[in-house]
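A quick write-up on the structure given underneath.
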Amino acid sequence: MRGLFSTVPPVTVMTSENPAPASDTPRLQMRGISKSFGGVAALRDVDFTLRAGEIHGLVGENGAGKSTMMKIIAGVHTGYEGRMLIDGREVHFRSARDALAAGIGMVHQELSIMPDLTVAENVYLGKQPVNAAGLVDWPAMTTGARAQLKSLGIDVDPKTRMGDLPIGLQQLIELARVLFSGARIIILDEPTSALSPPEVQLLFDVLKGVRASGRSIVFISHFLDDILSISDTVTVFRNGRLVVTHGVEGIDKGWLIDKMIGAGHEDLEESYLGNIALASKPDAPVVLAAEGLTYGRAYADISFEAKAGEILGIYGFMGCGQIELARTLFGKLRPDRGGLSIAGRRRRLRNTTQAREAGIAFVPENRRSMLFYEQPVYKNVSISILARISRLWLRPEKEREIARRHVESLHIRPPRADVALGALSGGNQQKVALAKWLTHRPKVLVLSEPTRGMDVGAKDDVVKIVRALADEGLAVVVVSAEPETVLSLADRVLVMKKGRIVHEFANETISKDRLLAAA
Amino acid sequence: MTLQQSNAAAMPRTGVFLRSQMRNIAPFATLILLIVFFSFASPSFATIDNAANILTQISVAGIMAVGLTFVILCGEIDLSVASVANATGIVVAFFTMQEAYVNIANVPLPGWLAIVLALASCLALGLVNAVGTTVVGIPSFIMTLAMMQIGAGICALLVRGQIAYAVPDLVNTLGAGRIYGFPTIGLVLIAFLVVGHVTLRYTRFGRYIFMVGGNREAAEYSGVNVKVVLGAALVICAVCSGVAGMLGVAHFGSAQQNEFDGYLLDAIAAVVVGGTSLFGGRGGIGNTIVGLCVLGVLNNGLDHIQIDSFLKILIRGLILLAALIVNVYVQNIRTVERAQGG
C-alpha cells in the first residue's frame with residue numbers, strides 16, 4: 001500500500017498530463033454572458049476565452065464584474081444568460097459541485113485550509129486513502145502528499161501542522177489540493193495580496209509548472225505588476241463589460257489602468273474623472289501621530305500624522321492591512337510595536353473605552369458590527385455618549401432629544417428617534433453610525449469604508465457630513481479600498497501596500513490612475 | 001423595553017406584533033393555563049395561603065435567578081449559582097456558634113462579622129468567575145463549571161460531611177421569619193426583583209448589559225468596556241447566589257453539602273422559561289418573574305393533585321424543553337427577519 005502511492009501518480013495528475021489539444025479548441029469559452037442582481041446588471045454580454053496551458057490575468061476595479069464572471073464559471077451563480085463551453089462542449093452547471101466535477105477549481109482570497117490538520121490531511125481533505133480495514137492509511141497519505149507536493153516543486157514535510165506554515169506555503173498547499181482534485185481550470189482570486197516577494201516568486205514558479213502541464217489558470221489580482229509578470233494574456237473588465245483581452249507583450253501598467261478606469265469614457269462618474277487638487281494643511285496642529293506601528297503579519301512600521309481639520313485618506317487594496325490599522329487606532333487591536341500620540345500625549349490604548357476617552361471615534365466598515373438592529377435609533381445614538389449624559393440613572397428624554405437633533409440635521413429617514421434601527425435603509429443606518437460620534441465630540445474620527453455599498457445620494461450626504469466635521473476641527477482618518485471614497489474625501493492620501501505605507505500624496509493633484517499606480 | 005420597541009417599530013399588523021411579542025406572551029399564557037388547570041383540579045390550590053406558600057417555595061431559586069438574569073442577558077451563563085449559594089450558606093454557619101452536638105471545627109464570630117465574611121466569600125468567588133471569563137478568556141460555561149466544583153469543594157472542606165444548624169440572627173430573621181404572617185424570605189425576593197429590575201431598566205449599567213448582550217461587537221465599537229460589564233454581571237450573580245444561600249440555610253434550618261443542587265436547574269429554568277433570550281440582549285426581570293411563577297405554580301400544583309412524585313420530574317423537564325424550543329424559535333424568527341430586512 002505504501003509503495004503503491006509513492007510510485008503510481010494519482011489519477012488526477014494523469015489526466016492533466018493528457019491535455020486537450022492546446023492549439024485549436026479553447027479550454028473554456030463564455031459566449032454572450034449577462035447576469036444581473038435585482039435589476040442591476042453585473043455582467044453585460046461578455047465573451048471570454050481561456051486557452052489550454054495559459055495563465056490569464058484578470059483585472060478591473062471592485063464591482064467591475066470579475067468576481068461575478070468567475071462565480072459563474074465555478075458554478076456558484078447558476079442563473080445567467082449566455083453559453084459556456086468547456087473543450088468545445090456546452091455545459092451548464094447547477095452547482096459548485098458540478099463545476100468541480102468538470103475540472104474547475106478555485107482558490108479564494110480567504111483560504112479554506114484546516115489549520116489544525118497536517119499538510120498531508122489538507123492535501124487529501126475529503127478523500128483520504130484507506131487501507132483494507134477501512135481506516136485512514138496514514139503512511140500512504142504522507143508519502144503520497146510528499147510526492148505530489150514535490151512534483152510541484154514544494155518542499156514541505158507533510159506531517160507539519162498546516163497552521164504552523166507561513167501563509168505563502170498554506171496557499172500553495174491549497175492550490176495543490178485543487179490541482180490534485182483534478183482541476184484543469186484553476187481560478188486564483190488575489191493570490192499574492194498576503195505574500196512577500198520571495199513567496200510570490202515561489203508561487204509563480206509553481207504556476208509556471210502547472211501551465212506547462214497544459215492546465216489553464218485565471219489569475220485575478222489588483223497587483224498589476226504581478227499580473228504583468230506572470231500572465232500570458234490579460235483581460236480587463238469595467239462596469240460589467242469585458243473591455244479588452246490582449247497578449248501581455250507590449251502592454252504596461254499605465255495602459256492597464258487606462259483600460260480599467262476608462263479615462264475619457266462616458267460611463268464614469270463625473271466627479272472622479274479628473275484631477276483632484278489636494279489641499280493639505282501643513283500648519284494645523286497634529287492631533288494623532290502614529291510611530292512605527294506594527295501588528296503581526298497585517299502591517300509593519302506605520303508612521304503618520306493626522307492634523308486638525310484635515311481628512312487623511314489611507315488607500316490600499318483589500319487585505320493590505322488597512323482594516324487592522326484602523327482597529328488599532330481605536331484600541332481594538334494592540335500593536336506589537338510602536339506607539340500612538342493623541343493631541344500630543346502618548347497613549348497606550350488597552351481597549352476601546354480608553355480610545356473613546358482619549359478622544360478617538362471609530363466607524364467600522366461593517367455597519368452590523370457597530371449598530372444594534374433591534375434597538376431604537378436613539379439608543380443606538382446614545383450608547384457611545386451614555387457615560388457623559390448619565391452617571392447612574394438613565395435619562396431617556398435627554399437621549400431622545402439628542403437623537404432627534406441628529407436625525408434632523410443628518411436628514412435621517414424616517415425622521416424619528418424611536419424607530420427600530422433595523423427598519424432604516426442602509427444609507428440611513430450609516431448616518432446613525434456617524435451620529436453616534438457627533439455628540440461625543442472626538443478629536444479624531446476614524447472611518448473604515450464609510451461609503452461602501454451606498455447609493456450616490458447617500459454617499460454625497462456622508463461626504464458632506466464628514467467634510468463638515470473636519471471643518472469643525474476634527475482630524476478625520478478615512479481608510480478605504482475604494483479609490484472613489486478616498487478621492488472624494490481626502491485632503492492628503494497615504495497609500496498602503498502589503499502592510500506598509502509606500503506613498504504619500506500631499507499638496508498636489510491626484511487622479512485615480514495615479515492612486516492605482518502607487519498601490 | 002420590548003413594549004417601547006414594538007410601538008416604535010410601528011408594526012400595524014397584529015400578527016407581526018404577536019409574533020414579535022411571542023417571547024413575552026408564551027410564558028405568560030403558560031402561567032395562566034397552569035393556574036386555571038390547577039384551580040379546577042384541586043380546591044386547595046387557589047387560596048391566599050397557598051399563594052404565600054408558592055412565593056416562599058420560589059424564594060431561594062428566585063434570588064439566584066435575579067443575578068442569573070444579568071448574566072444570561074449578556075449572553076453568558078453561570079452554572080455555579082447553586083454551588084456558590086451552598087458555599088456561602090456554609091460559610092455563614094461555619095462562623096456561627098453551633099450547638100455542642102454539632103461536630104464541626106467552626107469558628108464562632110459575632111453575627112455581623114459572619115455575614116460580612118460570607119458576603120465576601122461569594123463576592124470573591126464571583127470575582128474569580130469574572131477574571132476567568134474576561135481576563136483569561138475561558139468561556140463562561142466552562143469557567144463556572146469549574147467554579148461549581150470549587151464551591152462544592154469549599155463546602156466539603158468546611159462541614160466534612162456534618163450538618164450545621166445555627167446561623168446569625170439577622171439571617172435567621174430574613175430567611176425563616178414572618179412579618180404579620182408573611183414570610184420574610186418572600187419579601188427579600190421581592191426586594192431583589194425590584195432592585196434588579198430598576199438596575200436593568202433605569203441605570204446606565206443596565207443599558208450596557210442589554211447592549212452587550214444584543215451585539216457585543218457593536219458595544220465594543222461604541223466604546224463600552226465589555227469585559228467590565230460581563231465581569232460585573234458575573235459578580236452580581238455570585239452575590240445574589242450567596243444571599244440566596246444564606247437565607248436558604250435559615251429557611252431549611254440546616255447547612256450541609258449538596259443542599260442546593262436542585263436550584264441550579266430551577267434558577268436557569270426560571271430565567272429561560274420566562275423568555276429571556278439565551279443569546280442575550282432580550283428579556284429582563286419581568287420575564288424572570290413570570291418564569292419563577294410558572295415553575296412555582298407547577299411544582300406546587302403537582303403536589304396538590306395527587307400525582308406520582310417521580311412523574312413530576314419528567315413533567316418539569318418537558319416544560320423546560322418546551323420553553324427552550326420557544327426561546328430558540330423566537331430567536332430564529334428574528335434572525336430570518338433581520339436577514340430579509342438587512
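The values are calculated or read from the model by the stated rules, or taken from the named source; none is laboratory data. Since we're looking at a predicted model, the values are computed, not measured. FYI the Cβ positions are ideal-geometry reconstructions off the backbone, even for glycines, and counts take in every protein chain you see.
General observations
- Hits in the range A:371-395 - residues which are modelled with pLDDT under 90, buried (at least 20 other Cβ atoms within 10 Å of the Cβ) and either more than 7 Å from every other protein chain (Cβ to nearest Cβ) or touching a Pro at 6+ places or on another chain (Cβ under 8 Å) (or both): A:Ile385
- Some residue of the range A:131-138 being in contact with a Ser or Thr (Cβ under 9 Å, 6 or more places away or on another chain), in the same structural domain as A:Ile217 (by TED's automatic domain parsing) and surrounded by fewer than 21 Cβ atoms within 10 Å (Cβ to Cβ): no
- Subset of the range A:156-187 [over 20 Å from the mean Cα position of the chain (by Cα), aliphatic (A, V, I, L, M) and under 16 Å from A:Val218 (Cα atoms)]: A:Ala176, A:Val178, A:Leu179, A:Ala183, A:Ile185
- Checking A:Val463 against (1) aliphatic (A, V, I, L, M); (2) over 19 Å from the mean Cα position of the chain (by Cα); (3) buried (at least 24 other Cβ atoms within 10 Å of the Cβ), the condition it does not meet: (3)
Residue-by-condition table, conditions (1) within 11 Å of another protein chain (Cβ to nearest Cβ); (2) buried (at least 18 other Cβ atoms within 10 Å of the Cβ); (3) at pLDDT below 90:
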| position | (1), (2), (3) |
| --- | --- |
| A:Ile323 | no, yes, yes |
| A:Lys332 | yes, yes, no |
| A:Leu340 | no, yes, no |
| A:Gln354 | yes, no, no |
| A:Ala361 | yes, yes, no |
| A:Asn366 | yes, no, yes |
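Residue by residue, here is whether (1) part of a loop (DSSP other than H, G, I, E, B); (2) closer than 21 Å to A:Phe219 by Cβ; (3) at pLDDT below 85 holds:
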| residue | (1), (2), (3) |
| --- | --- |
| A:Gly3 | no, no, yes |
| A:Pro19 | yes, yes, yes |
| A:Met30 | no, yes, no |
| A:Val46 | no, yes, no |
| A:Gly53 | yes, yes, no |
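- Some residue of the range A:405-413 being over 23 Å from A:Ile323 (Cα atoms), surrounded by fewer than 23 Cβ atoms within 10 Å (Cβ to Cβ) and within 29 Å of the chain's Cα centre (by Cα): no
- From B:Val330, B:Val297, residue being at pLDDT 90 or above and either within 30 Å of B:Leu174 (Cβ to Cβ) or among the β-branched types (Val, Ile, Thr) (or both): B:Val297
- Matching residues in the range B:240-265 - criterion: being touching a Leu at 6+ places or on another chain (Cβ under 7 Å) and under 17 Å from B:Gly196 (Cβ atoms): B:Gly242, B:Leu247
- In the range B:203-224, residue farthest from the other protein chains (Cβ to nearest Cβ) [restricted to those that are among the β-branched types (Val, Ile, Thr) and closer than 19 Å to A:Asn351 by Cα]: B:Ile209
- Tally, over the range A:56-82, of residues that are free of Cβ contacts under 8 Å to residues at least 24 places away in the same chain and within 26 Å of A:Gly214 (Cα to Cα): 2
- Among the residues of the range B:208-253, just one is touching a strand residue (DSSP E or B) at 6+ places or on another chain (Cβ under 7 Å) and over 28 Å from B:Ser277 (Cα atoms), namely B:Val249.
- Count of residues meeting criterion [touching a residue at least 24 places away in the same chain (Cβ under 8 Å), farther than 16 Å from A:Gly319 by Cβ and part of a strand (DSSP E or B)] in the range A:491-503: 3
To keep it simple, each residue is scored yes or no on (1) under 20 Å from A:Ala306 (Cα atoms); (2) in contact with a helix residue (DSSP H, G or I) (Cβ under 6 Å, 6 or more places away or on another chain).
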| site | (1), (2) |
| --- | --- |
| A:Lys459 | no, no |
| A:Leu469 | yes, no |
| A:Ala481 | yes, no |
| A:Val486 | yes, no |
| A:Leu494 | yes, no |
| A:His503 | yes, yes |
| A:Ala506 | yes, no |
| A:Ser511 | no, no |
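- Candidates A:Arg405, A:Arg416, A:Arg388, A:Arg346, filtered to the one that is basic (Lys, Arg) and in the same structural domain as A:Leu474 (by TED's automatic domain parsing): A:Arg346
- A:Arg347 surrounded by fewer than 18 Cβ atoms within 10 Å (Cβ to Cβ) and without any contact (Cβ under 8 Å) to a residue 24 or more places away in the chain: no
- A:Glu190 falls short on exactly one of the conditions (1) at negative phi; (2) within 20 Å of the chain's Cα centre (by Cα), and that condition is (1).
- Residues that are within 14 Å of chain A (Cβ to nearest Cβ) and β-branched (Val, Ile, Thr) within the range B:272-312 are absent altogether.
- Residues (among the β-branched types (Val, Ile, Thr) and touching a Pro at 6+ places or on another chain (Cβ under 7 Å)) located in the range A:45-62: A:Thr49
- Matching residues in the range B:183-198 - criterion: being crowded, with 18+ Cβ neighbours inside 10 Å and within 14 Å of chain A (Cβ to nearest Cβ): B:His197
- Check on A:Ala468, buried (at least 23 other Cβ atoms within 10 Å of the Cβ), over 16 Å from A:Met318 (Cβ atoms), modelled with pLDDT of 85 or more and in the same structural domain as A:Ala326 (by TED's automatic domain parsing): no
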